[in-house]
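The values are calculated or read from the model by the stated rules, or taken from the named source; none is laboratory data. Everything numeric here is computed off the predicted structure, so don't read it as measured data. As a convention, Cβ positions derive from the backbone with ideal geometry for all residues, glycine included, and neighbour counts pool all protein chains shown. These accessible areas exclude ligands, DNA and RNA; they are computed on the full protein's heavy atoms, side chains included. Shrake-Rupley method; radii C 1.70, N 1.55, O 1.52, S 1.80 Å.
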Amino acid sequence: MGSASAASLPTSAGAGENLVLILDFGSQYTHLITRRVRQLGVLSLCVSGTAPLSSLAGLRPRAVVLSGGPHSVHAPGAPSFPDGFLGFAAAAGAHVLGVCYGMQLLVQTLGGAVEPGVRQEYGDMEVDITAPSSALYGEAGDRQSVWMSHGDEVVRLPEGFEVVARSVQGAIAAIEHREKRFYGLQYHPEVTHSPQGMETLRHFLFDVCGIKADWKMQDVLDEEIKTIQSMVGPDEHVICALSGGVDSTVAATLVHNAIGDRLHCVFVDNGLLRYKEQERVMSTFNSDLHLPVTCIDASEKFLSELKGVKDPETKRKIIGREFIVVFDEFARMLEQKLGKRPEYLVQGTLYPDVIESCPPPGSGRTHSHTIKSHHNVGGLPKDMKLKLIEPLKLLFKDEVRKLGSILNVPESFLKRHPFPGPGLAVRVIGDVTAGNALEVLRQVDEIFIQAIKDAGLYDEIWQAFAVFLPVQTVGVQGDQRTHSHVVALRAITSEDGMTANWYDFERQFLVDVVKKICNNVRGVNRVVLDVTSKPPATVEWE
């Protein structure tokens, strides 16, 4: 998994006294640490573990967490924090907690020894707390069940460190050096498989580090409004790209609160929207949100540019580029009307978008494996004339919904399932313009989503949608042999979209939905269900 560049963080992000900095060394669980800390009411920011020290200038963390990672500290090119980092942490008075790889990295850097484990430990493991006066555990008891995931183990501690917990197999599971404020856990306290892990994090942050739970959405709102007002001059105008989703709507409402009628929203119909999406969304904007919105139908241009294109990344880049072309044209139109050209573009980019579009330390790239290019952050042309305003880029989806609630965005709108920036282009596998793929997909998706709503399941599910597959199979319909399309249904549960489980529908619900699809959508004779979690799959198919 990736991490945001520290250099891209707003200076206000680290100005508070209760910041927790997460250094990402590539663990699939790093984002969970970030979320768990925030759930405790403390601002946490995830940055690359290998970012240069200069990029952390201005940040004054009270605690730094060194994440896990898939590497061995012995491997050539294994990621490490920058030279001078430990001095930076000491100068800030920060407590440093190494988790898994992070603990091994801390030990090796300080002169201890890490070697391949005689018995590697993966999965559930019991650990015994061996130091009754441990700062890490407080009054936690003598034994805990935790989630281990390591092949190497610490075999010799640096001077001044104490072992405070061991696995039942004898491996060092937790260490601390109270005087220098160094701590380490060989297991992952952030995952639910470590039942007392949250309590350990809570104890570490509040009792050991003395951090206060003072991070609130109202403060985020106030800070963002101030930031936007200082960024956008009193006579400058701003364009906002509205998609009809929660993120862009909350971003638009926030910016509208900051600068009023100098915000000009545009909703682009790119030909990749869901069934009747344009009329439904425009109605909501006008009647419920009272946002000034211009609708531009650019579907013909988008689809002509996508004709024959099958590669997912190429599709995303084309869509991102075409959006900017539309926004630039809209800006020119506004310039003629206002006598002044808008300088800024608002986008509803979220923290997961930023994280998933960056490269991991140790991957051989400048730092996380790029899972996908998000058009908000990965598909923008280098010569774009508009400057970006991304007021939500440090927030997860559930945090955006809380912010939207404070801004009085209707609850029904905030509960809408996420919809990807590239729209149905990533739900039609291959060429989106081939045959009647888009029309078939819209009809199937509408039947599926309406059935979920009718069954009272919509709010239980994070995201549900249909996928059009470039496959035709033999079927029998009306006593005749058919050779028709296959569609897939996907529904997931999740907290933030970073990890997800598939939703386990009752059998009769699926029987009824499949019957409705095959009876009502011409050209479909087979329906399959996606029962893959994330990881190993992503939420979308492309």
Expected output for region 492-514 (first residue crowded, with 19+ Cβ neighbours inside 10 Å, partner assigned to a loop (DSSP other than H, G, I, E, B) and among the small types (Gly, Ala, Ser), Cβ below 7 Å, 6+ apart or cross-chain) is Ala500/Ser494; Ala500/Ser533
Mind listing whichever residues of region 234-248 are closer than 20 Å to Ser405 by Cβ and in contact with a strand residue (DSSP E or B) (Cβ under 8 Å, 6 or more places away or on another chain)? Cys240, Leu242, Ser243, Gly244, Ser248
Need pairs with beta-carbon distance below 6 Å; first residue outside any helix (DSSP H, G or I) and within region 424-439, second open to solvent by 20 Å² or more (accessible area, probe 1.4 Å) and of a type in the set (Gly, Ala, Ser); sequence gap 6+ or separate chains. Asp431/Gly308
Tell me which of these Pro470 doesn't satisfy, since it passes every other one: (1) without any contact (Cβ under 8 Å) to a residue 12 or more places away in the chain; (2) farther than 25 Å from Phe267 by Cα. (1)
Failed condition for Leu424, given (1) open to solvent by 30 Å² or more (accessible area, probe 1.4 Å); (2) hydrophobic (A, V, I, L, M, F, W, C); (3) within 22 Å of the chain's Cα centre (by Cα), with all others met? (1)
Hey, can you tell me all the residues within region 383-406 that are within 21 Å of Gly260 (Cβ to Cβ) and either surrounded by fewer than 18 Cβ atoms within 10 Å (Cβ to Cβ) or without any contact (Cβ under 8 Å) to a residue 40 or more places away in the chain (or both)? Lys387, Leu388, Ile406
How many residues, within region 315-341, are at pLDDT 90 or above, open to solvent by less than 60 Å² (accessible area, probe 1.4 Å) and over 22 Å from Gly244 (Cα atoms)? 0
Are there any pairs with C-beta distances below 8 angstrom linking a residue in region 284-306 that is in contact (Cβ under 8 Å) with a residue 40 or more places away in the chain to a residue that is open to solvent by 50 Å² or more (accessible area, probe 1.4 Å) and polar (S, T, N, Q), with the two at least 6 apart or on different chains, and if so which? Val293/Asn286
Residue count for region 446-460, restricted to those that are open to solvent by 10 Å² or more (accessible area, probe 1.4 Å) and β-branched (Val, Ile, Thr): 2
Within region 488-542, tally of residues that are more than 25 Å from the chain's Cα centre (by Cα) and part of a strand (DSSP E or B): 5
